[in-house]
Amino acid sequence: MQPDSRGYFGEFGGRFVPEVLVRALDELTRAVDEAFADQAFWREYDETLRDFVGRPSPLYRTQRFGSEQSGAPILLKREDVNHTGAHKINNTVGQALLARRMGKKRLIAETGAGQHGVATATVGAKFGFPVDVYMGALDVERQALNVYIMKLLGATVHPVTGGTRTLKDATNEAFRVWASEVEDTFYVIGSVVGAHPYPFMVREFQKVIGIEARKQCLERYGRLPSDVVACVGGGSNAMGIFAGFVGDDNVRLWGVEAGGDGIDTERTAAALGAGSIGVLHGSRSYLLQTAEGQVRNTHSISAGLDYPGVGPEHAYLKETGRATYVPMTDEQAVRAFYDFSATEGIIPALESSHALAFARELARERSADDLILVNLSGRGDKDIEQIRRR
Ligand SMILES: *Cc1c(COP(=O)(O)O)cnc(C)c1O
């Protein structure tokens, strides 16, 4: 759905930012409106996704995963085969094209594990922008390979030493830098979070996943999936695939959050499952916070899901009942990671493994006529070292 003119999906979203950023967000909103109405803009986006990213990504029916149980077939939307190995590049291509159109001189981005930083550095190199990436100092240590890749791609990585030295601190720093250099700088946000128009804009750049998948499913199987399943960190791969099906009332939408050690424990990242309504990084949504409103420390085995907030449109889909959100624990995700690798010959990202773990359970409850569509948001090469050391 479209947010209202103030950027709200129901009671979620909006713009909770310092005065200096209001002008920048207004300028961005105008640029988004113009670009989205311009066919030439979408033509270049489509061509870049085709020739640089490798779209359309395949729709692939699993052969063996979960097949010890009877039940519904599981289909994968293969975002893992995109250039750079995940769905994030769809969004950074779109934002880079927008930055160029707006005459901006450089890109900045926050990153947690480094996946969004790499995707931003990649389009920086391609389109000729200098790129500054803000990354928690702890993550810089933990993700040395991605830091090196960003440098190879010509980006500068700035370690952020405040707070817990992780993603939320990096995001705060990126906002601060943007506020001080708004004129020439384009802030590339990595998920459907932040102040309006970011959640809407990022969803539009990820919607290609759902549009392609819907068409592929109809062409191949002559019907829509019964269920669509995606993991939810900030929520961009999920919003991307949901957007293709949200108007199809018979298609059930499932978002799978990172349960961590369990949503009743301190060590979780399930903002919708264990959080409450508040404001984080510029918008009103669910987040993990203490009774005093302090942002809680989160935990997930998967860095891409380890974020205390969630995009406002997901809060809206939860509130209206259009989508259902469920947690999967670290253990469940790791089991799916191993089983899926060994039965399908595809090593999934740990993030995507949360969706696979739930899809396997769901498949048992459905009949052979149903189809369960899973967004395989990324490949697992980046996670192998972590799994190997467990
Ligand atoms: C970053 C990432 C995610 C989580 O981000 P969303 O915005 O929730 O999609 C999920 N999967 C992979 C492979 C990622 O890199």
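The values are calculated or read from the model by the stated rules, or taken from the named source; none is laboratory data. Because the structure is predicted, anything quoted here is derived from the model rather than measured. A quick note on method: Cβ atoms are made from the backbone with ideal geometry, for glycine too, and the neighbour counts reach across all protein chains shown. Accessible surface areas use protein heavy atoms only, side chains included; no ligands, DNA or RNA. Shrake-Rupley method; radii C 1.70, N 1.55, O 1.52, S 1.80 Å.
Considering only residues that are part of a helix (DSSP H, G or I) and within 13 Å of the ligand (Cβ to nearest atom), which ones fall in segment 178-206?
Y198, P199, V202, R203, F205, Q206
Considering each of L373, L356 in turn, give the residue that is out of contact with any Cys (no Cβ under 7 Å at 6 or more places or on another chain) and either away from the ligand (no atom under 13 Å from the Cβ) or assigned by TED's automatic domain parsing to the domain that holds G259 (or both).
L356
Within segment 297-309, does at least one residue satisfy the condition of being open to solvent by less than 10 Å² (accessible area, probe 1.4 Å) and under 27 Å from V20 (Cα atoms)?
Yes.
Which one of these does E110 not meet: (1) open to solvent by less than 10 Å² (accessible area, probe 1.4 Å); (2) farther than 24 Å from L218 by Cβ?
Condition not satisfied by E110: (1).
Which residue, of L167, L152, is within 16 Å of the ligand (Cβ to nearest atom) and closer than 24 Å to N90 by Cβ?
After ruling out the rest, the residue left standing is L167.
Please go through segment 147-169 and pick out each residue that is in a helix (DSSP H, G or I), modelled with pLDDT of 95 or more and not hydroxyl-bearing (S, T, Y).
Hits for segment 147-169 are V147, I149, M150, K151, L152.
If the requirement is being in a helix (DSSP H, G or I), within 25 Å of S352 (Cβ to Cβ) and either more than 13 Å from the ligand (Cβ to nearest atom) or open to solvent by less than 30 Å² (accessible area, probe 1.4 Å) (or both), which of these qualifies: Y316, Y286?
Y316
Is one or more of the residues making up segment 239-257 open to solvent by 30 Å² or more (accessible area, probe 1.4 Å), free of Cβ contacts under 8 Å to residues at least 12 places away in the same chain, polar (S, T, N, Q) and in a loop (DSSP other than H, G, I, E, B)?
The answer is no; no qualifying residue exists.
Please find, within segment 1-52, the residue that is farthest from S191 (Cα to Cα) out of those that are open to solvent by 80 Å² or more (accessible area, probe 1.4 Å) and in contact with a Gly (Cβ under 8 Å, 6 or more places away or on another chain).
Looking at residues that are open to solvent by 80 Å² or more (accessible area, probe 1.4 Å) and in contact with a Gly (Cβ under 8 Å, 6 or more places away or on another chain), I get R6.
Select from segment 144-155 the residues that are surrounded by 14 or more Cβ atoms within 10 Å (Cβ to Cβ) and more than 21 Å from the chain's Cα centre (by Cα) and list them in ascending order.
Selection gives L153, G154, A155.
Grab the strands (runs of 3 or more DSSP E) fully contained in segment 1-116, keeping just those with 3 or more residues being in contact (Cβ under 8 Å) with a residue 60 or more places away in the chain.
74-78, 106-111
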